[in-house]
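The values are calculated or read from the model by the stated rules, or taken from the named source; none is laboratory data. Keep in mind the model is a prediction, meaning the values are calculated, not measured. Note: ideal-geometry Cβ built from the backbone for every residue, glycine included; neighbour counts use all protein chains shown. For the accessible areas, the whole protein counts, side chains as well, though only heavy atoms, and no ligand, DNA or RNA atoms are used. Shrake-Rupley method; radii C 1.70, N 1.55, O 1.52, S 1.80 Å.
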Amino acid sequence: MSSSSNTSPRLDYPSAPMQVWDVVKPWIDTPMILGEGPYYEPATHSIRWTDIMGKKIYWVDLDKGPDSLRSVDVEDAVGVTADIHGDDENIIVAAKYGYAIMNKKNGKLKYVKKTWIDEGEVKSEREGPDFKASMRFNDGAVDVRGRFWAGSMTDNSKYAVENEGAVFLLDPASAGDNNPYVLSSVISPVMIPNGIGWSPTKKGVLYITDSSTRTIWEFDYEEDKGVVSNRRPWFVLEGSIVIPTASSEEFFTFDSSMVPDGFQFDVHGHLWTAIWGAGMVLKIEDRGQQRVVTGVGFTTQSGKSTAAPPSEKPSIPLSNTALATRHLVLPKTKSQFIIHNLTAMSPPPQRTWQEIAHAAQEHRAATLSKVDPALPSLPAEQDLPSNVTHIPAQVLTADEIEITSQPAEALLAALATGSLNSVTVTRAFLRRAGVAQGLTNCLTELLPERALQRAEYLDEYLAKHKRVVGPFHGLPISVKEHIGMRGLGLNGGFISQWENVSEEDAHALQILDKAGAVFYARTTQPQTIMHLETRSNFFGNTVNPYNRVLTAGGSSGGEGALIAVRGSCLGIGSDIGGSVRSPAGNCGIYSLRPTSARLPVRGWLSTPAGTDSITPVIGPMSASVEGINLFMEVLIDAKPWLTEPSLLPIPWQKELTKQPWMQKLKIAVLWDDEVVRPHPPVTRALKEVVAKLEAVPGVEVVDWKPYKHDEAWSIAASLYFADGGKAEADLVEPSGEPWLPLSRHIIHDNEYCKRLSIEELWFWQHKRETYREEYAKVWNETATDLSGEGIVDVILSPVGPGAAPVLETAKWWGYTSQWNVVDYPAIVFPVTKCDAKVDIKDPSYVPRNEKDKQNWDIYNSATYQGVPVSLQMICRRYEDEKLVGILAHMQKTIGLPFVPFP
């Protein structure tokens, strides 16, 4: 994720010294075909390396220099070598068919562990002698426990390279007497595994290069077990870099033929990687969210550039560097070897992620302490009841409860006439929001000083001018934290972004400010802002006020919980897959996911900025449907498209919100998306609404058959992370904060989360557009004649496959993300509450797939007693007003919701 209003500065070190080495001939001149795996041999003070395709091992004595070069022929291709403790005559190698002991004098191999099929431990889908013959080892390393890691790939001397390789681990230490070596496949599949290594300064991490994706991957690494997990991209070779020369700087752009190859770490933890096809070595410094890259280039004889262009590749590709020895295999040209020395420019000490999280919690506590009168005491967290919705009435004054229990439209009417003043209303919401924080963990901070100063100004304005500033005069509005507010932090749930500060209010807030709004509370979001729950390493879980073992939803869960406890009557969330609808559904409030390009989005922290394959939107979250109507009207009436040109100039059509829709209305019911079956309370809510609607004259109810909703999920899940999750990883990992389970679920465990080439991106975007056309055709076919008469007006659907899920279990996005894919507006509203005696689980139901089973297994009617059950209505693109109007009229006609809500 990156900020749409902040960019990483280029780091320049004009005073840093350079080392310039003039090289007039290659240090070593050999007819190698594919050099690989340099290894420093301390016993002889030599470097050895392999020529994979030439089937040779080379040595050179560093004291004697190039004239000491010697080699030995080997019978099979060898990718990488390692020493054997206490054995000066032999080495262990990763050879053509597996791991072997090799005699250093004659090159004879004795296999000790063959890969793929011979040992029966590591298999492939394409087994057999032909498959085994098509593979070879490429590169590897030995860890501190003496385990030999090596990457296997297609033997490209004879076969086309396919994504069928693996990284193997040979572990002598864990073997028994009858099995001298234990072999396992640690990572698969992988196409071209290259460098493998560990940083001396960042413990518990393993790095592996996959040249085919131009990526150096980072893994969590359990040293005692040799186990890796949580793959994420650490560095991707793309774009341009500045290469320093002795007199100036030059730009060099990497094309697709240039790939990272082997690497080594220096003592400072900087990674040096050779770039195959560029005649270049890069030094990569890990500066938190940034990678500071310095080029080490080789001039051509013409002296036109500091790195050989593709047409002038070195005759000996720079495969794997041995920089610890300060020697490199150089191209056969007069070259200038330049190092930009950054070793003296060490980064400042970095706080641990736990220290930053503690600072965030302390900051929040400090803002809560400024509320006046002081917030009331609450029971300790462990002593709170499951349902805490009744507690505000027990600890706040009657006036505060009366004010904060009113919806936005009622408060605005009172504020406009002066029967309520903004200071009184703001103070009441500050106190109720503070109580809501203690009950649900929903806030990142309160803004009492700023809010009360603003409220006082508005009251004075009304008294002086006898008119309101604008349609939201004096109304307190809460805001999800990743929507920027001038001078305040903007972290988006990422620890690494704690010190990021927004330079201006988001565009939507600028409009609301001019309309008279008072911003008083900022609310929680999850790590990555891509959960249907709200948990971060800053603050932990935001919980559901109706049952604290359940989630408030996400990613706008802070808004959902705050409004449910009536610590707010109107708030702003965001939605790319259900993030305003999931919390509204879980917490029994109202929300709208508008059609894209209707509301302004400039000034938030997005993931990443600039992508619109699945377009994120902001959306209102409210204690009433009229609050949603007012929010949309105010923002769109301001003509935001004049300053944010990506928006469409479509006015808010007020007449559609007031039209008597119930006189003639056709509603289609989506009972089940045929991927994950809804829980009993959801199905009951649908049945109750349908029964009421069928009794209304002029209303027709039909069934809606889901059209390839599983395919829609594959499209969404592919386009959410077209960079393979790199943007998220770049913000999660620099601080050292752990990946949370639902972050792993949507990124690391997501089968569709892959770094897409431009052609693959085009494919998925075309697939999205084709699916949208097909879905429109399905909708059009509901008409009863060619004129469009009798076409379905809205779809009535679950918000999710259940009421609020148990914490850490909200994994199926399909009921909400479906409408993001087709870009249809969707509105959520409360209907009823779970009844443990009625909503009984069907014990005979056999889940249709693993997603369905996971969802079905978590349902327990007793857990859900009294929890809100909400539904969702969907219209076609740019029919947002129609959607709001239908819900408003439906409420009046059939008496929604059917049970009381706060």
Residue-ordered couplings for the range 766-774, obtained by feeding phi - 60° into the Karplus form 6.51 cos²θ - 1.76 cosθ + 1.60 and rounding to whole Hz (Gly and Pro as x), are 5, 5, 4, 5, 5, 5, 4, 5, 5
Any idea of I192's accessible area? Nearest 10 Å², probe 1.4 Å.
-> 40
Report the charge-dipole magnitude of the range 373-502 in Debye, nearest 20, computed about the Cα centre from +1 at each Lys and Arg Cβ and -1 at each Asp and Glu Cβ.
-> 460
Intensity falloff of the chain expressed as log10 I(q)/I(0), Debye formula with alpha-carbon point scatterers, at q = 0.09, 0.10 Å⁻¹ = -0.96, -1.09
Roughly what percent of Cα-Cα pairs across the range 769-808 reach past 17 Å?
-> 54
Sum of -39500 (n - 2.57) over DSSP H runs of 4+, divided by residues of the chain (222 nm, nearest 500) = -7000 deg cm²/dmol
Given the peptides 423-432, 88-97, arrange them by the average over their residues of other C-beta atoms within 10 Å, most packed first.
-> 423-432, 88-97
Placed amide H near G98: partners under 5 Å, 5+ positions off or other chain | T115
When the Karplus curve 6.51 cos²θ - 1.76 cosθ + 1.60 is applied with θ = phi - 60°, which whole-Hz ³J(HN,Hα) does each residue of the range 556-563 get, with x for Gly and Pro?
-> 8, x, x, 5, x, 5, 4, 5
Amide H neighbours of I187 under 5 Å, counting only residues 5+ apart in sequence or on other chains, H built in-plane at 1.01 Å?
-> V167
Enter the accessible area per residue of the range 368-464 (Å², integer; probe 1.4 Å; all protein chains in place).
-> 45
Could you give the nm distance between label points at Y40 and S844, where each point is 7 Å from its Cα heading toward the beta carbon?
-> 7.2
Stokes-Einstein, Kirkwood over Cα pairs, the range 696-772, 20 °C, 1.002 mPa s; D in µm²/s equals 144
If you place +1 on the Cβ of every Lys and Arg and -1 on the Cβ of every Asp and Glu, how big does the dipole about the Cα centre of the chain come out, in debye to the nearest 20?
-> 860
Heavy atoms only, probe 1.4 Å: what % of the accessible area of the chain goes to carbon and sulfur, would you let me know?
-> 52
In order through the range 532-538: 3J(HN,Hα) via Karplus (6.51 cos²θ - 1.76 cosθ + 1.60), integer Hz, x for Gly, Pro | 8, 9, 9, 9, 9, 6, 6
Among S386, L686, A414, the residue whose Cα sits farthest towards the positive end of the charge dipole of the chain, when +1 is placed on the Cβ of each Lys and Arg and -1 on the Cβ of each Asp and Glu, is A414
Name the residues whose placed amide hydrogens come within less than 5 Å of the amide hydrogen of E445, ignoring near sequence neighbours (fewer than 5 apart) on the same chain.
-> R522
Exposure rank, largest accessible area first [E41, E75; 1.4 Å] = E75, E41
Under a straight-distance cross-link criterion of Cα-Cα below 12 Å, which aspartates and glutamates are reachable from K811, leaving out those fewer than 8 residues away in the same chain?
-> E533, D749, E850, D852
Which of the pairs K833/K882; K514/K639; K56/K283; K55/K104; K55/K110 have their Cα atoms more than 18 Å apart in this structure?
-> K833/K882; K56/K283
From the C-alpha gyration tensor of the range 498-580, square roots of 5λ in Å = 23, 16, 11
FRET efficiency (Y111, S229; Cβ distance; R0 25 Å; to 0.05) is 0.25
Calculate I(q)/I(0) for the range 644-689 by the Debye formula, one identical point scatterer on each C-alpha and no solvent, and give its log10 at q = 0.16, 0.22, 0.32 Å⁻¹ to two decimals.
-> -0.76, -0.83, -1.20
Scattering profile of the range 501-644 from the Debye formula, Cα beads only, expressed as log10 I(q)/I(0) at q = 0.12, 0.20 Å⁻¹, is -0.45, -1.28
May I ask for the Rg/Rh ratio of the range 581-636, computed from Cα atoms with Rh as the Kirkwood radius, given to two decimals?
-> 0.99
Roughly how many Å² is the accessible area per residue of the range 800-841, as a whole number, for a 1.4 Å probe?
-> 24
Counting only heavy atoms of protein chains, what accessible area per residue, in Å², does the range 561-673 have with a probe of 1.4 Å?
-> 28
